[in-house]
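Working notes, beginning with the structure itself.
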4 protein chains.
Amino acid sequence: MKENKDVVRNWKAKLHEIIYEADTPTGKWFDISLIFLILVSIFLVILESVESFDQQYHDFLIIAEWIITILFSIEYIARFLSINKPFRYVFSFYGIVDLLSTIPLYLSFIFPGSQVLIVIRAIRLLRLFRILKMVKFIGEARKLKEALWDSRTKIAVFIFTMVILSVIIGTVMYLVEGKDAGFTSIPKGIYWTIITMTTVGYGDIVPLTSLGQTIAVIVMVMGYGIIAVPTGIVSAEFSKQNKLNKIHTNTQACPNCNAHNHNDHAKYCYNCGNLLNEA
Amino acid sequence: MKENKDVVRNWKAKLHEIIYEADTPTGKWFDISLIFLILVSIFLVILESVESFDQQYHDFLIIAEWIITILFSIEYIARFLSINKPFRYVFSFYGIVDLLSTIPLYLSFIFPGSQVLIVIRAIRLLRLFRILKMVKFIGEARKLKEALWDSRTKIAVFIFTMVILSVIIGTVMYLVEGKDAGFTSIPKGIYWTIITMTTVGYGDIVPLTSLGQTIAVIVMVMGYGIIAVPTGIVSAEFSKQNKLNKIHTNTQACPNCNAHNHNDHAKYCYNCGNLLNEA
Amino acid sequence: MKENKDVVRNWKAKLHEIIYEADTPTGKWFDISLIFLILVSIFLVILESVESFDQQYHDFLIIAEWIITILFSIEYIARFLSINKPFRYVFSFYGIVDLLSTIPLYLSFIFPGSQVLIVIRAIRLLRLFRILKMVKFIGEARKLKEALWDSRTKIAVFIFTMVILSVIIGTVMYLVEGKDAGFTSIPKGIYWTIITMTTVGYGDIVPLTSLGQTIAVIVMVMGYGIIAVPTGIVSAEFSKQNKLNKIHTNTQACPNCNAHNHNDHAKYCYNCGNLLNEA
Amino acid sequence: MKENKDVVRNWKAKLHEIIYEADTPTGKWFDISLIFLILVSIFLVILESVESFDQQYHDFLIIAEWIITILFSIEYIARFLSINKPFRYVFSFYGIVDLLSTIPLYLSFIFPGSQVLIVIRAIRLLRLFRILKMVKFIGEARKLKEALWDSRTKIAVFIFTMVILSVIIGTVMYLVEGKDAGFTSIPKGIYWTIITMTTVGYGDIVPLTSLGQTIAVIVMVMGYGIIAVPTGIVSAEFSKQNKLNKIHTNTQACPNCNAHNHNDHAKYCYNCGNLLNEA
C-alpha cells in the first residue's frame, strides 16, 4: 500500500518536473511543443476568420480545433494533478487563462451560440503571454521593463498632460467645426485630437474651416514636440543603464575583504581601508 | 463684540486651511472631492454633447449640472470670504478661471442662447489644470518642465525653421498642384505641408502631379529627419539631468585627503585609506 | 570738389553702416523694419492666394504690393550704392535673391502674364532666410548645425539605404498590387513606400491584396525601426555636445603655466608638471 | 606553349584585378562605370513602368535595355573566367544575383511572356546592394550596423511584444467592429493594428463604433509610447559608441606611475608630475 503511494508520488513529481520546469530535456521538449500547439491554435483561429478559407476547409478547421482543445484539456488536468496545492494554480492568473482558453468549445454544446463562442475563443490568444515566461530569461526584457518602470512617474505626468490637452482641444474642435466635419460630439473631438497628436492621421474626421485647420496645425506641431518626451525619457533611461553597466567593468576586488565596485582611481578599499593591488 | 470677531476670524482661518491648503486631512478631503466634482462636471459636458445620450437623459443632465454649478458657486464665495485679500484671488489666473467656469449657467437666464452657453462651458475644462497643482509636487513634472525650458532656444530655432520651410513649401505646392488637388490657396498649402512634415498624413489634400508627388517625397523624408531634432534635444537634456542627479547623490569628502566621489557604501577613503565620517 | 567727395564718402559710409551692420541703433532699426516689411509682403501674397479675400480687397492688395515693391527697389539701389564693390553684392546669393524678389512686379508691364508673375513672386519668400542671419547669432542654431554636420556620413548612409529600400519595395509593390490599387508605375510604388516608411500614410494609394498588405505591414514596422536611426544619431550628437560642455566645469588653472582643462583627479599640471592647487 | 599559358595567366590576373579589386585606377574606373550602368538600367526599368513614357519611347527603351543586358553578360563571363575557382563565384550571393539580373531578357525568346519578364527584371534592382560594398568602407556604415547588432536582443523582445499585441488587438477589433467597418477577418484586424500602432494611419480601415474608437485611441497612445523604445535603444547605443571612441583616443600611460586618461595635449603626468613620452 505504501509502495503504491510512493509510485504515485514519484509519478506526480516527474509530471511536475516536466510541466512546470524547463531545465530537464523532457521539460524543455514539453514547453516547446506547448508553444507550438498554441501558435497552431492561434493560426487556426485567424484562418477561420478569413471567410473564403473557412468555407473551403470548415470541417478540417473544426476537427483541428477539437484535437487541440482536447490536448489543452489533458494539459490542464495534468497541471491540476501534478501540483501539491492544485487550487493555488487554479486561481493563479495562468490557471484562469488556461481554463478560459480551454472551456469555450465545450460550452458550445450546452449553449449553441457560435457567435458568442468566437468572442471567448479570442481569450485563448492570451496564452501567448505564457511564452513571455521564456523571454523573461533574456535579461534584455527585464532591462526594458526596468527602464519603463524607472520612468513611470515621468510617463504618468506625460499621459495625464496628454489626456487634459486632448479633452480641451477635442471640446474646442467640437465647437469650432461642428457636425458637418464629423465632429458630432466631444468624444469624437477627443478621438480626432488623439489621432492628430499621435501623428496617426486617418483622415476619417478632418477639419474643414480655416480656424479648425489652424488649430489642427498647432496640434500637429505640438504632437510632434510631445513625441520627443517619451522618447527622451526612455533614451535617457537606456543611457543610464548602459552607464551603470559600464561601472561593472572595473572588476577589482579587495584582497582583504573581497569588496567590489571600486572607483577607477581607488588605491585603498572603500570597505576595509586595505591597500588594493595595482590594476 | 471682540469675542464675536474672534469667532469669525477663527472660522475664516479654518476655512482658509481647508480650501487653500492640502496638508490637513480635511484640506486633502476637500481637494479630492473638488477634483472629483470637476471630473464629473466635465464628464457630464462630454455626455451632453453626445446627441443620443442627451435626448434620453436631458433632464437628469440639466439637474446635475445645476447642482454642480451651485456647489462651485458656494466654493467660489467661500474662497472669496476666507482670504484676507480677496481681490488678489479674484484677479489671479485661478480666480478668473473659477469665475468663468461658474457663471455661464447663470447667464443663460438673462441671455437665453443655449449655443453660446456651451462655448463658455468648455472653459470649465480648464479647471483640470488646477489638479496639475497636485502633480507639481511630483518632482518629475518639474524635471520635464526644466528639460523643456533648458532647451527653449533650441526649440525656438527649430520651430522658426519649420515655419519658414512650411511657408516656402506650401507656396511651391500651391503653384505646382493648384486647385484641382485641393491646394486652393497658400494657407491650404501650408496646412498640407505641416500635415506631411509631422507625418500625420490625413490624405484630405494629396498631390496628384508627378512633380507634386516628388516634392511630397522630399518633404516626407525631410520631416522624418526633422523629427529627430526635438527628440534629440529632449533626450540629451534628460541624459544630462540623470547625470547631474547621479553626481550630487554622494557629497562625502575624506577628512584626511579631501578626496571626493566616494562609493555610496564606502567606509574608507579610496585615496588614502583613512576612515570616512558616517554619512 | 574734394569736400564734395568727402561728403559723398561720409554719406556712403553711413548708409553702409545702416544697411549692412546691425550693431548701431539705426542699423538695428533698419533690419527690424526690413524684416517687418518682408513679413507683411509674404502675408499679402498668402492673402492674395485666398480667392474670397482677393475678390474683396483686390485693389488694396495691389496697391500695398506696389508700395512694398518700390520700398524694396529703393533698398536694392541703396545697397548697390553704399558698398565699395557693388558687383560683389549683386552676384552674391542674397544679392540675387533681393533682385529676384523685387523685379517680378515691374516685369508684369512688359509681359502681362499674371499667372507667371505669381510663380516668381513666391521666390520673394526666400527673403525669410535673411532673417536667419539674426538667428545665427544665437549659438544654439550653430550647435544644431554642428550636430547635423558631425553626423553627415551617418545621415548619408541612412538616406542611401532608404533610397535603395524604397526603389526595391516600390518595384515589388508595383508588381504585386498593379494598377487596380493605384500602383500605376514604379515611381508611384516608390511614392507609396516613402509615404508608408515615414509613417505619413495619406491613404491615397493603399494595398488591396493580402500579399500587398503583408508587405505593407513589414514596411511599416521597418519604417518604425528606421525612424530610430536619425533620432539616435542626433540624440547621441547632442549628448556629446552636452558632455563636451561639461568638461569645462573643471575650472582649475595651473598656477605656473595657466593651462586649463585638467582632469578631475589631476594633482600635477599636464603641461608643465607643476603641482596644482587643491580644488 | 608554356609562354602562351603565362600570357593567359597574366591576362587573367589583370582582369581579376580590374573586376574584383577597387584599389587600382582601372579597378576603380570599372566599379564606378558598373554602378553608373546599374543606375541607368534601374532608371530605364522605372521609366518603362510609366505607361505614357513607355508608349512614346518603347523602341529606345528596348534597345537600351538590350545593350545594358549584353554588357552585363560580358561582365558575368569576365567574372567567371578571371577567377581561379569560378564556381565559388557562381554560387555566391552576388554570383546568383548577377546571373538572375542578366538572364530574364534572354529567357523572353524561349518563353514569350512579357509580363513574367518584368517580374524577374525587378530582381536586377538587388544589384544596387553591390554598391553598398563601397559604402562599407565608410566606417559609419559599420557603426550603424554594430549599434543595431548590439541591441539585437532588445529589438527581438520589442518585435515579439509588438507581434503578440497586434494579434490580440487585431482579434479584439475584428470582434468589436466586424465586417461593416472593413475588419472582415483577423488578418485585416492585425493589418489595421500595425497601421495604427506605427502611426501610419492610412484610413482605409477605420473603427466606426464608440467602443472601437476608444480601443483605437488606446492603441494610438500605446504606439506613441512604443515608438520610444527602438529610438531609445539606438540612441543609447550611439551614445555608448561615442563614449567608447572618446576613451580610446588617448592610450598614453605615465612611464613612472602608470596613470591613464591623460589629456590629449598632456606633457606631464597629472598624478606624479613625471614627463610623459611623446605620443
Output the residue which, of all residues in the range C:168-184 that are within 9 Å of chain D (Cβ to nearest Cβ) and open to solvent by less than 10 Å² (accessible area, probe 1.4 Å), is farthest from residue B:157 (Cα to Cα). C:171
Tell me which residues, restricted to the range A:187-204, are more than 7 Å from chain B (Cβ to nearest Cβ), open to solvent by 10 Å² or more (accessible area, probe 1.4 Å) and farther than 22 Å from residue B:45 by Cβ. A:204
Spot the failing condition for residue C:108; the list is (1) among the hydroxyl-bearing types (Ser, Thr, Tyr); (2) modelled with pLDDT under 75; (3) not in a helix (DSSP H, G or I), and only one is missed. (3)
Checking the conditions here, which among D:59, D:6 is at pLDDT 80 or above and acidic (Asp, Glu)? D:59
Set A:48, A:65, A:75: member being surrounded by 12 or more Cβ atoms within 10 Å (Cβ to Cβ), under 24 Å from the mean Cα position of the chain (by Cα) and among the charged types (D, E, K, R): A:75
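In a helix (DSSP H, G or I), open to solvent by less than 50 Å² (accessible area, probe 1.4 Å) and out of contact with any helix residue (DSSP H, G or I) (no Cβ under 6 Å at 6 or more places or on another chain): does that describe residue A:165?
yes
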Considering only the range C:147-162, state which residues are of a type outside the set (Val, Ile, Thr) and either part of a loop (DSSP other than H, G, I, E, B) or open to solvent by less than 20 Å² (accessible area, probe 1.4 Å) (or both). C:147, C:151, C:154, C:162
If you go through the range B:89-103 one residue at a time, how many are modelled with pLDDT under 85 and open to solvent by 90 Å² or more (accessible area, probe 1.4 Å)? 1
Residues in the range B:205-237 that are crowded, with 21+ Cβ neighbours inside 10 Å, in contact (Cβ under 8 Å) with a residue 12 or more places away in the chain and not hydrophobic (A, V, I, L, M, F, W, C): how many? 5
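The values are calculated or read from the model by the stated rules, or taken from the named source; none is laboratory data. For clarity, every value in this text was computed on a predicted model and none was experimentally measured. Using ideal geometry, Cβ is built from the backbone for each residue, glycine included, and neighbour counts are taken over all protein chains shown. Note: accessible area is taken over every heavy atom of the protein model, side chains too, but ligands, DNA and RNA are not part of it. Shrake-Rupley method; radii C 1.70, N 1.55, O 1.52, S 1.80 Å.
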